[in-house]
1. Using a 10 angstrom cutoff on alpha carbons, build the Gaussian network for the chain and name the most mobile of S144, S40, S81.
2. I'd like the chymotrypsin sites (Phe, Trp or Tyr not before Pro) in the stretch 1-107 restricted to DSSP loop residues with at most 12 other Cβ atoms within 10 Å, sorted by number.
3. How many angstrom separate the Cα center of the stretch 33-70 from the Cα center of the stretch 84-128?
4. Can you give the FRET efficiency to the nearest 0.05 for S81 and E167, using r as the Cβ-Cβ distance and R₀ = 30 Å?
5. What does the helix-only formula give at 222 nm for the chain: each DSSP H stretch with n ≥ 4 adding -39500 (n - 2.57), the total divided by the residues, and the result rounded to the nearest 500 deg cm²/dmol?
6. Between L67, L49, L58, find the one with the highest GNM mean-square fluctuation for the chain; connect C-alpha pairs within less than 10 Å.
7. With every protein chain present, what is the per residue accessible area of the chain (1.4 Å probe, Å²)?
8. Could you tell me what percent of the accessible area of the chain is made up of carbon and sulfur, with a 1.4 Å probe and every protein chain present?
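The values are calculated or read from the model by the stated rules, or taken from the named source; none is laboratory data. Bear in mind the structure is a predicted one, so any value in this text is a computation, not a measurement. As a convention, Cβ positions derive from the backbone with ideal geometry for all residues, glycine included, and neighbour counts pool all protein chains shown. Note: areas computed on protein heavy atoms with side chains; ligands, DNA, RNA excluded. Shrake-Rupley method; radii C 1.70, N 1.55, O 1.52, S 1.80 Å.
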Amino acid sequence: MSNSEIQDDYAAQRTKRADKATEQQRRAANPAHCVWVEASAGTGKTKVLSDRVLRLLLNDVNPIRLLCLTYTKAAAVEMQSRITQRLSDWAVKDEADLDKDLNKLLGNEIKSAQEARSYRQKARTLFAKLLDAPGGIKVQTIHSFCTDVLKRFPLEAGVSPYFEVLEDETETF
């Protein structure tokens with residue numbers, strides 16, 4: 001086997017793996033399925049969750065009814081940024097590019113020209129809906145979510161109603 005044939009074979013295998021990963025991410029992003037995503041850093045967990053939120057919005061879920069939990073503040077900021085950026089882009093993209101983006105997100109779920117037109121119309125209005133939603137989509141860390149629950153129900157949790165969470169920097173041992 002020549003060096004060029006080895007390189008071509010390697011490129012074909014890499015493309016096949018990337019296509020499989022993309023399909024797995026698309027399936028995990030489908031809000032019709034209950035999924036648990038466990039993966040290493042940099043493998044697309046934030047992308048899957050962002051895509052899932054976008055699909056929920058395309059299915060007419062009100063943005064204020066969504067709560068996304070992440071592990072780190074950085075992931076929460078990144079996710080919020082990705083969603084806002086995509087919706088902003090969709091509002092102004094030309095029809096062909098928007099169709100390409102929606103097909104990439106939804107896969108084979110768009111069955112007709114009428115359905116494509118409907119998704120396109122929804123996609124163009126989602127950024128305005130997000131801006132009009134009080135508080136927008138809530139993206140929080142697990143830590144901040146638990147803190148909010150404790151602050152809402154301190155007596156049930158057995159803590160003082162005026163408790164304060166110790167931050168790592170102020171914690172003493």
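1. In the Gaussian network model the winner is S40.
2. W36, Y71
3. 17
4. Numbers: r = 24 Å, r/R0 = 0.79.
Step by step, r from the Cβ atoms, then E = 0.80.
5. So the calculated ellipticity at 222 nm is -20500 deg cm²/dmol.
6. Between L67, L49, L58, it is L67 that shows the largest mean-square fluctuation.
7. Working: 12260 Å² over 173 residues.
Here the residues of the chain average 71 Å² of exposed surface.
8. Numbers: 6590 of 12260 Å².
Ligands and nucleic acids excluded, carbon and sulfur give 54 percent.
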